[in-house]
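The values are calculated or read from the model by the stated rules, or taken from the named source; none is laboratory data. Keep in mind that what you see is a predicted model, and the values were worked out from it rather than measured. Counting neighbours? That spans all protein chains shown, and the Cβs are built from the backbone with ideal geometry, glycine included. Ligands, DNA and RNA are excluded from the accessible area calculation, which covers all protein heavy atoms including side chains. Shrake-Rupley method; radii C 1.70, N 1.55, O 1.52, S 1.80 Å.
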Amino acid sequence: MSELTFEQMLEESLKTIRNGEVVDGTVIDVKPDEIILNIGYKADGIITRSEYTNESNADLTTMVSVGDPMTVKVLKVNDGEGQVLLTYKRLVAERGNERLREAFENKEVLKAPVAQILGGGLSVVVDEARVFIPASLVSDTYEKDLNKYQGQEIEFVISEFNPRRNRVIGDRRQLLVAERAEKQKALFENLNIGDTVEGVVKNVTDFGAFIDLGGVDGLLHISEMSWGRVENPKKVFRVGEKLKVLVKDIRETKIALSLKFPETNPWANAAEDYAVGKEITGRVARMTDFGAFVELAPGVDALLHVSQISCAHVDKPSDVLSVGQEITAKIVDLNEAEKKISLSMKVLEPAEPKAPVEEAESAEEVTE
């Protein structure tokens, strides 16, 4: 029996590897763009930067150290230069796909940072396996700008899993919808008409503002924003502003809100504040052909009829008054039930002096 040479003994002691095989190795050298492994084979294994990470400019010396153990997959036993070409990234991605498959079958909620903003949605990475979340499934409301999600860790479920077609779809929307439904249920169980609650302005329109009460939106109509007159809600409220609002009405899932708190009602002490005979100062708010409406306080308008503007004849209020002008008048009528107040400026004008003939006639009447 012939003895084996040292080279033959060494050859037999080394394992045989094949393309696609998963092997264990130890890092024996690291360069910025490649890693060299001892995999117990006659040739060392090489992992290029692109086969280790998706970061195109990554410095591998900051990510791997000599002596680190690694499990890798063989791409080519001989890369043409006698070295074994390995991949770490693809093996991790395969394991990541298996992880995604299990999550898909079990309807598991996953959490991962957003790796990339794409034209039609977000890309997240789970164990080096990519998941695409379409823009329509990112939120339960329309998202115009997805850039705010860059780097943000989000939760989602896998709604479609087809790795052969490279189609793995994530869905964040259904989680938000379910969460909102739970919040709505809890809120409606404890919310009553007349409650004062805190909310955040979510959106402002020409007819009102939508207030987020914590998972449920309520409408603050323009007519309920103030006891006074609000012309443009967008000039009064801003998105993100916190408000304390009054629950005015609840109908199924719709909530009507108000800022007209009873304790601030300007008509609460009307009998005293606007008593007949009282002189009061106000601002001309608007005018018609028959008179001018004077704002005495926010939410309290009084009518100054054209016949009560002056002792002299006035054709139209706009002939002698202007919007925004401050006037002093006397309250001549108050109807609390209908919230109506009538004013007169004429009664405050000084009486005209009597003519001499009229004075003589008066003296004669006294003598007689």
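For first residues located in segment 17-35 and in contact (Cβ under 8 Å) with a residue 12 or more places away in the chain, partners that are loosely packed, with under 11 Cβ neighbours inside 10 Å and not hydroxyl-bearing (S, T, Y) and lie 6+ apart or on another chain with Cβ distances below 6 Å form the pairs T26/P69. Taken together, D206, D249, D273, D212 contain a single residue that is of a type outside the set (A, V, I, L, M, F, W, C) and within 28 Å of A329 (Cβ to Cβ), which is D273.
The C-beta contact set for segment 294-311 (first residue outside any loop (DSSP other than H, G, I, E, B), second residue hydroxyl-bearing (S, T, Y) and surrounded by fewer than 20 Cβ atoms within 10 Å (Cβ to Cβ), distance under 6 angstrom, 6+ apart or interchain) comprises L303/S342; Q308/S344. I'd like to know if segment 170-182 contains one or more residues that are under 30 Å from V131 (Cα atoms), open to solvent by 40 Å² or more (accessible area, probe 1.4 Å) and in contact (Cβ under 8 Å) with a residue 40 or more places away in the chain. Checking segment 170-182: at least one residue is under 30 Å from V131 (Cα atoms), open to solvent by 40 Å² or more (accessible area, probe 1.4 Å) and in contact (Cβ under 8 Å) with a residue 40 or more places away in the chain. Look at (1) modelled with pLDDT of 90 or more; (2) open to solvent by 80 Å² or more (accessible area, probe 1.4 Å); (3) touching a helix residue (DSSP H, G or I) at 6+ places or on another chain (Cβ under 6 Å) and you find that E336 fails only one, number (1). Residues of segment 85-128 that are in contact (Cβ under 8 Å) with a residue 60 or more places away in the chain and under 13 Å from E51 (Cα atoms): L86, L91, E128. Residues in segment 133-157 that are closer than 20 Å to T53 by Cβ and surrounded by 12 or more Cβ atoms within 10 Å (Cβ to Cβ): Q150 only.
Looking only at segment 40-64, which residues are farther than 25 Å from A115 by Cβ and not aromatic (F, W, Y)?
Answer for segment 40-64, where residues must be farther than 25 Å from A115 by Cβ and not aromatic (F, W, Y): G40, K42, A43, D44, G45, I46.
Residue pairs whose Cβ atoms lie under 6 Å apart, separated by 6 or more positions or on different chains, with the first residue in segment 45-66 and farther than 10 Å from P32 by Cβ and the second open to solvent by 30 Å² or more (accessible area, probe 1.4 Å) and assigned to a loop (DSSP other than H, G, I, E, B), are I46/Q83; I47/Y88; Y52/Y88.
The set of residues from segment 260-310 being surrounded by 12 or more Cβ atoms within 10 Å (Cβ to Cβ) and among the β-branched types (V, I, T) comprises T264, V276, I280, V284, T288, V294, V300, V306, I309.
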